[in-house]
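Trainee: Take a look at the following structure, please.
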Amino acid sequence: MNKLAIKGGQPQRNTTANPWPKWPVWGKEEEKALLEVLNSGVWSYNGPKETEFNKLFAEFTGVRHSICTVNGTVTMQLALEALGVGLGDEVIVPGLTWQATAATVIDVNATPILVDVLEDSWCMDPEQVAKAITPRTKAIIPVHLYGAFADMDAIMELAKRHNLFVIEDCAHKHGGEWKGKKAGSIGDVGSFSFQLSKHLTAGEGGSVTTDDLSLAERLDALRNVGRRPEGDSLIGADKGIGDYGDDGNFIQSGNYRITEFQAAILVEGLKRLPTQNATRDANGAYLNGLLKETPGIVPLKRDARETKKAYFNFAFRYLKNDFRGLPVEKFRSALEAELGIVVDACYEPLNQCSLYVPHTKPARHKLSDAYWKALDPKRFSLPVCERLFKEESVCLHHKVLMGTKDDMDLIANAIQKIYQNAGELM
Ligand SMILES: *Cc1c(COP(=O)(O)O)cnc(C)c1O
């Protein structure tokens, strides 16, 4: 058997001669669109590209309204504000996610309640959600993580029974579908990120999606310094919101507007997305099949209710006992050396995440002693999140799924090679 690359052997892939697909993807279309914006002099503020993208993304997601804004963090903050979530309210968030999912809850003065995830999907466990519901619960934020979908049947059922809002964090799920409905069209609001690593990107950016006209009106106002919507798409909105000021035209808010340059790139990127998603889906399914051959490798569950797949990462569980006890860190380093690509762990669980530290900003967040105490992430027990993070998770960026079947064979072979040679690394 070949010597492992991490031990100085030949890597499975020579990335100089044979680089991985690049991300982001762009071409002449983006170049032309950017120049069009540049030469028009209309660089921001409800411009034609922004209006066009909002329309296209709403159609794509299967909702009546989509509003783009600066990123996929602000999207959640605005969604919470638009739904009236604030001080005294609890919001249920999975313990395994990017910090923004919980941080935005704090930024509207509400209390994040962290719940554990399911080991087969890495998404929030509906049973844990049910247990976390109290009279103060106002909303649930399911995250469709990496390549999986949160169990939206169970979550919507709970929300209905307890009269809770649902904000879907779709930062990993542009174009994914649950029983024929797109991610972002199932809950009250969908929140999307267009940050550089995401599978639809303008470098930075985000969108909120909803079917509810008055919610859309409020979201649109909140991203534009509280101004009542000016565009055509929201005319006819319900005027009975009640939280505009004395003259009836403004809500308190800030500037969260996207630029026309970003919107122009998003319009072009959205044209590429369905084909890219289909390629990643086909490769993901094929790779899952290959990985069945290797003991100790457990890909994320493909739920039969997921009618269209979307990947942010190709993720799997690694069970070290099948690899002679080789720790997951060593497995990831060995795989990185074979493939010449970053191999990550999953997100740090939010009860011990270096980027989620609410107790560092008392001037903003210490609203009372009781609230301060409630913000302590360490009060939540998240055994599945912790095990996935510390012992089992392996994540590859979606760009590895954008190549050929040969690329998938190569990934499976690299894993098999480490399996055969695990003893050498002990
Ligand atoms: C990227 C991401 C966000 C935040 O999006 P930004 O555009 O980076 O602010 C939120 N939630 C999840 C799950 C993400 O991956």
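Trainee: Say each of Trp372 and Met426 gets a label point 7 Å from the Cα, pointing the same way as Cα to Cβ; how far apart are those two points in nm?
Mentor: Distance between label points: 5.1 nm.
Trainee: Determine the relative contact order of the chain: mean sequence separation of Cα pairs under 8 Å and six or more apart, normalised by residue count, in whole percent.
Mentor: Values: 862 pairs, mean separation 93.9, N = 426.
So the answer I get is 22 percent.
Trainee: Here is a follow-up. Along Cα→Cβ, 7 Å out, is where each label goes; now give me the distance between the ones at Leu355 and Asp406 in nm to one decimal.
Mentor: With each label point 7 Å from Cα toward Cβ, the separation is 3.5 nm.
Trainee: At 0.36 nm per residue, minus the direct Cα-Cα distance, what do Arg324 and Asp344 gain on full extension? Give it in nm, one decimal, please. Can you show the working numbers first?
Mentor: Details: separation 20, 0.36 × 20 = 7.20 nm, distance 2.11 nm.
Contour length minus the Cα-Cα distance gives 5.1 nm.
Trainee: Hey, what's the chain come to in accessible area per residue, 1.4 Å probe, Å²? Walk me through the intermediate numbers first.
Mentor: Details: 17910 Å² over 426 residues.
The answer is 42 Å² per residue.
Trainee: Using a ≥ b ≥ c from the Cα gyration tensor of region 28-268 (square roots of the eigenvalues), is it rounded, prolate or oblate, where a/c under 1.5 gives rounded and otherwise the larger of a/b and b/c decides, a/b for prolate? Mind dumping the intermediate values first?
Mentor: Details: a/c = 1.99, a/b = 1.34, b/c = 1.49.
Oblate.
Trainee: Treating only the Cβ atoms of Lys and Arg (+1) and Asp and Glu (-1) as charged, compute the dipole magnitude of region 318-426 about its Cα centre; round to the nearest 20 debye.
Mentor: Working: 15 positive and 15 negative charges, 130 e Å.
Its charge dipole is roughly 620 debye.
Trainee: Oh, and also: In a GNM of the chain with a 10 Å cut-off on Cα contacts, which of Gln99, Gln416, Gln262 has the highest mean-square fluctuation?
Mentor: The residue with the greatest mean-square fluctuation here is Gln416.
Trainee: Here is a further query. If you add up the charges near Met426, with Lys and Arg at +1 and Asp and Glu at -1, over every other residue whose beta carbon is less than 9 angstrom from its beta carbon, what do you get?
Mentor: Numbers: positive: Arg324, Lys330; negative: Glu424.
Net of charged neighbours comes to +1.
Trainee: Still on this structure, I have one more. Name the residues whose placed amide hydrogens come within less than 5 Å of the amide hydrogen of Arg317, ignoring near sequence neighbours (fewer than 5 apart) on the same chain.
Mentor: Counting only residues 5 or more places away or on other chains, the set is Val298, Leu300.
Trainee: Here's another thing I want to ask about it. Using Cα pairs closer than 8 Å and at least 6 residues apart in sequence, work out the relative contact order for region 28-268, in percent. Intermediate results must be reported in sequence, preceding the final value.
Mentor: Values: 510 pairs, mean separation 62.1, N = 241.
That works out to 26 percent.
Trainee: Moving on. Round to a whole number: what % of the accessible area of region 28-268 belongs to carbon and sulfur, probe 1.4 Å? Show your work: numbers first, answer last.
Mentor: Numbers: 4600 of 8940 Å².
Its accessible area is 51 percent carbon and sulfur atoms.
Trainee: Kindly state, to the nearest 0.05, the FRET efficiency for Ser333 paired with Trp23, given R0 = 25 Å and r defined as their beta-carbon distance.
Mentor: So the FRET efficiency works out to roughly 0.65.
Trainee: Residue separation times 0.36 nm, minus the C-alpha to C-alpha distance between His365 and Trp43: what's the value?
Mentor: Details: separation 322, 0.36 × 322 = 115.92 nm, distance 3.55 nm.
Result for the pair: 112.4 nm of gain on full extension.
Trainee: Nearest 20 debye, what's the magnitude of the dipole of region 28-268 about its Cα centre given +1 on Lys and Arg Cβ and -1 on Asp and Glu Cβ?
Mentor: Numbers: 21 positive and 36 negative charges, 29 e Å.
Charge dipole, region 28-268, about its Cα centre: 140 debye, nearest 20.
Trainee: Same structure, new question: Of the peptides 385-393, 270-278, 60-68, how do they stack up when ordered by the mean number of other Cβ atoms within 10 Å, highest first?
Mentor: On the way: 385-393: 20.0, 270-278: 15.8, 60-68: 22.1.
Answer by packing, highest mean first, reads 60-68, 385-393, 270-278.
Trainee: Quick one: what do you get for region 98-188 if you divide its Cα Rg by 2.2 N^0.38 Å? Walk me through the intermediate numbers first.
Mentor: Working: Rg = 12.4 Å, N = 91, 2.2 N^0.38 = 12.2 Å.
Normalised Cα radius of gyration, region 98-188: 1.02.
Trainee: Another one. So how long is each side of the chain along the principal axes, counting just the alpha-carbon atoms, biggest first, in Å?
Mentor: Cα spread of the chain along its principal axes, largest to smallest: 77, 55, 40 Å.
The values are calculated or read from the model by the stated rules, or taken from the named source; none is laboratory data. Computed from a predicted model, the values in this text were never measured in an experiment. As a convention, Cβ positions derive from the backbone with ideal geometry for all residues, glycine included, and neighbour counts pool all protein chains shown. Just the protein is used for accessible areas: all its heavy atoms, side chains included, with ligands, DNA and RNA removed. Shrake-Rupley method; radii C 1.70, N 1.55, O 1.52, S 1.80 Å.
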